[in-house]
Amino acid sequence: MIKRGSKIKRGSKQRVPSGPASGPQRALIIASFVSRVGNGLFNTAAILYFTLVVHLPATQVGAGLTIAGLSGLAAGIPAGNLADRYGPRTIWLMTLTLQAATMAAFVFINSWLAFTLVATLDRLAATASGAAGGALVARVGGERPAAFRARLRTFVNLGVVVGTLGAAFAIQINTRPAYTGLILANAASFACAGLIVFLGVPNYRPLPRPKEHRQWSVLADRPYVSFVALYSAMGLQYQTVSLLLPIWLTAHTDAPRWTVAAVYAINSGVCVLLQSRLGSKVESPRQGSRAFRLAGLLFLVSCPLMALTADVPAWVAPALAVLAVCIHSVGEVWESSAGFALGFGLAPDHAQGQYQGLFGIGFDAGQALAPVILTGAVLALGHSGWLLLGTFFASLGAAGPSVAAWAERTRPAKPGTEASAQRRQGESALLEAD
């Protein structure tokens, strides 16, 4: 923080410090980057390993992953409660250890039953990790939590991109040792991330809990549950770019096939470049609700533009797709920033783990339903489906401010939250000007 009476020299490059926890913040960012590089390595080639190396039919792989995904939802709130009770770092380290073990176990599977069992254990660990990790992020956030979370997501996205690029070499080699190397590298990434957090992040003590605290209190918090429902539904936008648009480009347009890879790379690049710049401006729930509304409006523009790629010449379609994805990606940055501000800002400090557990359950459930909704409804309706999808996103965004205002009315105000956020932004602007 800037001390009263201290002078800032004109022309200096001094910036507002990110808080006393800057060391732990760096450690958590590095750990998250390392683990996401591993995720990028594995996720890119996982389906190829299971089908080409283990020789499981694609339908069995899909069924096993569906069972694992639905089963994994059960771990969210219980793991969050454990993080609130025993400390988020302790529980997160345990989940990382379990993830390293389950990932390594994929090397030894040789049947559908073994695959489904290991995948289920892996998803349980991943969901628990999300809840405990979210609680840890809340504690490490320091004086400018929005800026920290934005930087964190920037490096998370960058890690996935790096891992995806690395996986391309193994896919090109296309041998069992190459795919096995990817799996073991992902397992090692969880172990390395745990070691970094163990050495660089304090073991925060649990916060005192009020007498009325219950292990399932979040389910009775109707405003927060409503927000989770809104955010989970808005989460369809992620697979709009990664799933729906590639299918549309290949089946309904004359665009060259490289357009699919281009739009995916541009989506990742825009998010990496803009997340810190835009996300650091969204700190309070009120700012989050406005960002959520803006995201919905941007999606309302991007979805019809994606649909129009089927109505233009082949040489125009790639440019139109890139324009649509750029707009959509800016909306994604605002949407994720809103999720951070509202998901953390509306949760009681003593129950961040429990609340982040529900937040993760809602998001994962939405992602599980996204393929059915996007391919079964939007594609079936064609251009009308795209327009309805954009309108759906805009309606969700429009509801954000009302839900946020309702939530803030039903919980004790955190003194000075909005004022302090405005003050910090003002100080940062002054420093940048000098």
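The values are calculated or read from the model by the stated rules, or taken from the named source; none is laboratory data. The structure presented is a predicted model; accordingly, all values stated were derived computationally and were not measured. Cβ: placed from backbone, ideal geometry, glycine included. Neighbour counts: every protein chain shown. Quick note on the areas: whole protein, heavy atoms, side chains included, nothing else; ligands and nucleic acids left out. Shrake-Rupley method; radii C 1.70, N 1.55, O 1.52, S 1.80 Å.
If the viscosity is 0.692 mPa s and the temperature 37 °C, what Stokes-Einstein diffusion coefficient in µm²/s follows for the stretch 75-192 when Rh is the Kirkwood radius over Cα pairs?
Values: Rh = 15.8 Å.
Once the numbers are plugged in, D ends up at 208 µm²/s.
Using only DSSP helix segments of four residues or longer, with each worth -39500 (n - 2.57), what per-residue ellipticity at 222 nm results for the chain after dividing by its residue count and rounding to 500?
Numbers: 16 runs with 320 residues, N = 434.
For the chain, the value works out to -25500 deg cm²/dmol.
Only loop residues by DSSP count here, and only those with at most 11 other Cβ atoms within 10 Å; note down the trypsin sites (Lys or Arg not before Pro) in the stretch 124-233 that meet that.
Details: sites: Arg139, Arg149, Arg151, Arg153, Lys211, Arg214; in loops: Lys211, Arg214.
Answer in residue order: Lys211.
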- Query: Quick one: Karplus J couplings for the stretch 219-229, per residue in order, coefficients 6.51, -1.76, 1.60, θ = phi - 60°, nearest Hz, x for Gly and Pro?
  - Reply: 5, 8, 8, 4, x, 5, 4, 5, 5, 4, 5
- Query: Do any chymotrypsin sites (Phe, Trp or Tyr not before Pro) in the stretch 94-131 lie in a DSSP loop with no more than 11 other beta carbon atoms within 10 Å, and if so, which?
  - Reply: none
- Query: In whole angstrom, and with the biggest value first, how far do the Cα coordinates of the chain range along each principal axis?
  - Reply: 65, 49, 48
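What do you get for chymotrypsin sites (Phe, Trp or Tyr not before Pro) in the stretch 284-339 restricted to DSSP loop and a cutoff of at most 10 other Cβ within 10 Å of the site's Cβ?
Details: sites: Phe292, Phe299, Trp315, Trp334; in loops: Trp315.
Here the chymotrypsin sites (Phe, Trp or Tyr not before Pro) that fit, given the DSSP loop and packing criteria, are Trp315.
Label the stretch 133-261 by shape, choosing from rounded, prolate and oblate, from the square roots a ≥ b ≥ c of the eigenvalues of the Cα gyration tensor; if a/c is under 1.5 it is rounded, and otherwise prolate applies when a/b is larger than b/c, oblate when it is not.
Details: a/c = 2.56, a/b = 1.42, b/c = 1.80.
Note, shape of the stretch 133-261 comes out oblate.
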- Given charges at Cβ of Lys, Arg, Asp, Glu: the chain dipole, positive-most of Cys271, Thr240, Gly166: Cys271
- Item | Theoretical gain in end-to-end length, Asn43 to Ala251 [0.36 nm per residue, Cα-Cα removed] | 72.4 nm
- Query: Relative to a virtual label point 7 Å from the Cα of Ser384 in the Cα→beta-carbon direction, which members of the stretch 220-248 show backbone nitrogen distances below 18 Å?
  - Reply: none
- Query: R0 = 22 Å: FRET efficiency of Phe169 with Ser242, Cβ-based, nearest 0.05?
  - Reply: 0.55
- Note on the structure: At 37 °C and 0.692 mPa s, the Stokes-Einstein diffusion coefficient in µm²/s for the stretch 283-327, with hydrodynamic radius from the Kirkwood sum on alpha carbon pairs, is 282
- Message: Net charge around Gly339, counting only other residues with Cβ within less than 11 Å of its Cβ (Lys, Arg = +1; Asp, Glu = -1)?
- Response: 0
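Give me the percent of accessible area attributable to carbon and sulfur for the chain, probe 1.4 angstrom.
Values: 13090 of 19740 Å².
After summing per-atom areas, the C and S share lands at 66 percent.
Taking a probe of 1.4 Å, how large is the accessible area per residue of the chain, in Å²? Write down the numbers at each step before the final one.
Numbers: 19740 Å² over 434 residues.
That works out to 45 Å² for each residue.
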